[in-house]
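Participant: Sharing a structure, written as structure tokens. Questions coming.
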Amino acid sequence: MKKSIWLLLLTAWGTTGSMVSPEPRVFVAATPCDAVPRHLLAIPREVDCEMIKWRLTLRRDPRNLGRDDFKLQYTYGMTKPGTQGFMNDGFSKEISGRWSFAGNTGPTPGKQIFTLYPASSGTAITFVQLNDRLLHLLDQQGNLMIGNAGFSYTFNSQGSNL
């Protein structure tokens, strides 16, 4: 009898454990290093910067709605000619915190808005979901950021759906 109870508890624990950590969504981008992303990422004005490489990981906890977290890894600096990298390897940083999404009534109605709330600063970072595989960075007024000839502000998904 005791063996049956322990086996049942062990099976139930193993089943619920797998529901807690769904696969995270990962989005990547290479963007210009303009004034808005410099402000959002606290990149100093005096640092020479023309490109930012982003890697955004979004995790959801289905058991605790509203307890979703993110990790944003980014590298910035001057591009190294003829490569996809940076001169002197650039500067790498990481921020984390919680995120949420909601419907949009602003300039792009009908689309989901993803907002990152970094634990280390009061500056939220906002994206609009263009489709299941694309996010696009928004400025502080909720408008789409416009890239340049070399880079855009569109983040591409690497992985499964949200």
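Participant: Of all residues in segment 44-59, count the ones that are in contact (Cβ under 8 Å) with a residue 60 or more places away in the chain, out of contact with any Pro (no Cβ under 8 Å at 6 or more places or on another chain) and not aromatic (Phe, Trp, Tyr).
Facilitator: Qualifying residue count for the region: 1.
Participant: Within the set of pairs 6+ apart or on separate chains, which have a first residue in segment 14-35 that is surrounded by 10 or more Cβ atoms within 10 Å (Cβ to Cβ) and of a type in the set (Ser, Thr, Tyr), a second that is assigned to a strand (DSSP E or B) and modelled with pLDDT of 50 or more, and C-beta atoms under 6 Å apart?
Facilitator: Taking only residues 6 or more apart or on different chains, the pairs are 31/52.
Participant: Still on this model: Is segment 53-66 home to any residue that is of a type in the set (S, T, N, Q), in contact with a strand residue (DSSP E or B) (Cβ under 6 Å, 6 or more places away or on another chain) and at pLDDT 95 or above?
Facilitator: For segment 53-66, residues of a type in the set (S, T, N, Q), in contact with a strand residue (DSSP E or B) (Cβ under 6 Å, 6 or more places away or on another chain) and at pLDDT 95 or above: present.
Participant: What residue, among those in segment 44-85 that are farther than 19 Å from residue 156 by Cα and hydroxyl-bearing (Ser, Thr, Tyr), is surrounded by the most Cβ atoms within 10 Å (Cβ to Cβ)?
Facilitator: Only one residue fits best here, namely 79.
Participant: Another question about this same structure. If we keep just the residues of segment 112-155 that are free of Cβ contacts under 8 Å to residues at least 60 places away in the same chain and in contact with a Pro (Cβ under 7 Å, 6 or more places away or on another chain), which is nearest to residue 97 (Cα to Cα)?
Facilitator: 142
The values are calculated or read from the model by the stated rules, or taken from the named source; none is laboratory data. Quick caveat, the model's predicted, so the values are computed rather than measured. Counting neighbours? That spans all protein chains shown, and the Cβs are built from the backbone with ideal geometry, glycine included.
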